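See structure below.
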Ligand code: ADP
Ligand code: MG
């Protein structure tokens, strides 16, 4: 190698303080060669740790240049610095800085995860290192179950995991008893003998005596730099950095697995909090999925009702359209139109209708009812089935017969308890009519119908009851196999020709179906949009808890960064956690919605909830997106933490 391994040139580290900026390092120039063992001594506050952090690329100089193996570090991005830390440096801290919820082996493996080493190689190497350090029976102990000396040996193993070409030990014996301290120094000397470059911070001169070069600091400056002992050990074998970054895909998979595992730990260690956080997502997703399922169910129900009514029906109504105020003064829909329509081969049957309301009377019972004048075809056109009796014959219609067909509601109102109304005579206002048939109960698409309906021949209605010579509407049934749309076009042409102008509009059940479809879709969308608001609120809850999680785990983030985690690794870890929370919330929400669909039929029988695959897929997508969206800010906050500051946080 050309030149020193680590080279500082006029490096200062300046902290902004309230008044005068504070120079923790003051224009330090220093070369450290590969294979050296250097001790840095000095009183507390003299800048030793600051220097150490700069050497390890955890911190960057405010002024001056720092070169690692001849490469300037000033222009390096955070991730490039992370790569240097990962592949060249190994940190040993006074207070070990192990992750408390991972066991010894898992702690040791972290640097290798970020370097992308395969799992099998990682396990093998961590076992090998821990065994070499006398911890083969402590592989699966957590830091809390280990003594200080053992924890420090675990952190040595971690420093060596990716090669540990340069070991930076900041007061490694500071928290250890003297015996463990001795062992630790023996270990560092052994590593030095094996070719590792060692930089050691201590305030203990006895510890420093183990080094071959002692640098003394005071007030951010180097006040002495002396070699001691004659043996300037030449590195026998340079430690390789063969354990550096590995293939991109496997690396990514390994890091993602690690992030997943960490997210699992985080969620499991705060179960109640996680559940409460999820609640917003659960309710939101359950609401969206249920509303959509209900909307679908309602739509299907309406469609099937309309289909039962017959999809090939066209109504002809005077006026320009719904709510035309002049419609009542248009009297052009007359019996000859009906005859003309009936002669068309695309029309199966046609029935006029003119309606009024009337008072029904039978013996001492009265009821008001809607009275419609219709033709014999009406019942076929509208799909009414008879429960009893018969309908009028064409001859009876021609003869203005005083006959009436009543519906089931009327039958039960006027003839309660009687075996059959057929054959009885009722008074329609003052017109006596004989009941000849009773229709079956029929649900309209819009729910249950309590109205009373009776039907008399339209001729009788025109001539005997209402005294009008025109119809309120004509309803036709299109011949089976005939296209609804062209039938509608043809009859419009026919009637326009007959009337001289188009003074009517048509309404086919086809169009109604389309309108209803559109309406229910709009309604569903609207309610779902409201439900989405609760999802957003849930997302904000997730963001909140993620921010808490980040600040709680700042120290952990610092440790991960020190062993070489990229910003993207930290970001990914917290994003995955947020997404996981939201996805679990989403899954629970879908489950809750399913529960609702089980309970719902107990209260409402006419509509069943219809789950569609796309509502489930969009719920899952939605919760993932919410996780990413609301996890982003906290995750970015975590990723942008300053490693040194994060490490010093507890
Ligand atoms: P040592 O490790 O030698 O005890 P440090 O390197 O930790 O000393 O600190 C050197 C000086 O820099 C101390 O006076 C300390 O108060 C100051 N210092 C360290 N970190 C910061 C910081 N983040 N902000 C302001 N001053 C700091
Ligand atoms: Mg210190």
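None of the figures in this text is laboratory data; all of them are computed from the coordinates on show. Just so you know, these numbers come straight off a predicted model, no measurement behind them. Cβ coordinates were reconstructed from backbone atoms using ideal geometry, including for glycine residues, and neighbour counts include every protein chain displayed.
Each Cα pair under 8 Å and six or more residues apart adds its sequence gap; the mean of these over the residue count of the range 580-650 is a relative contact order of 46 percent. Dividing the helix sum by the residues of the chain, where each DSSP H run of 4 or more adds -39500 (n - 2.57), gives a mean residue ellipticity at 222 nm of -15000 deg cm²/dmol.
Can you tell me the FRET efficiency between residue 412 and residue 533 if r is taken as the Cβ-Cβ distance and R0 is 56 Å, rounded to the nearest 0.05?
Efficiency at R0 = 56 Å is approximately 0.75.
In this simple spin-label model, placing a label point 7 Å from the Cα along the Cα-to-Cβ direction at both residue 253 and residue 118 gives a separation of 1.0 nm.
The label-point distance for residue 363 and residue 336, in a model that sets each label 7 Å from Cα toward Cβ, rounds to 4.8 nm. Ranking of 622, 582 by neighbouring Cβ atoms within 10 Å, starting from the fewest: 622, 582.
Would you mind calculating the relative contact order of the chain from Cα pairs under 8 angstrom and at least 6 residues apart, reporting the percent as a whole number? Result for the chain is 17 percent. Our summary gives the range 520-650 a relative contact order of 48 percent, counting only alpha carbon pairs under 8 angstrom and 6 or more residues apart. For the chain, the longest principal axis of the C-alpha atoms and the axis of helix 509-552 are separated by about 20°. Helix 119-132 axis versus longest C-alpha principal axis of the chain: approximately 30°, rounded to the nearest ten. Let's test the formula: R0 of 45 Å, r as the Cβ-Cβ distance of residue 568 and residue 522. What FRET efficiency results, to the nearest 0.05? The value I calculate is 0.55.
To the nearest 10 degrees, how steeply does helix 484-499 sit against the main Cα axis of the chain, on a 0 to 90 scale? Roughly 40 degrees between the two axes. Taken along the Cα-to-beta-carbon direction at a fixed 7 Å, the label points for residue 205 and residue 193 span 2.7 nm.
Residues 337, 324, ranked from the fewest to the most other C-beta atoms within 10 Å, line up as 324, 337.
The length gained by stretching the chain between residue 628 and residue 137 to full extension, at 0.36 nm per residue less their Cα-Cα distance, is 172.6 nm. Within the chain, what percent of beta bridges assigned by DSSP are antiparallel, to the nearest 5? Once the DSSP bridges in the chain are tallied, antiparallel ones form about 70 percent. Computed extension gain for residue 429 through residue 502, at 0.36 nm per residue and net of the alpha carbon distance, reaches 22.7 nm. Between the beta carbons of residue 80 and residue 303, assuming R0 = 41 Å, the FRET efficiency works out to 0.10 to the nearest 0.05. The slack in the chain from residue 270 to residue 218, taken as 0.36 nm per residue of separation less the alpha-carbon distance, amounts to 14.2 nm.
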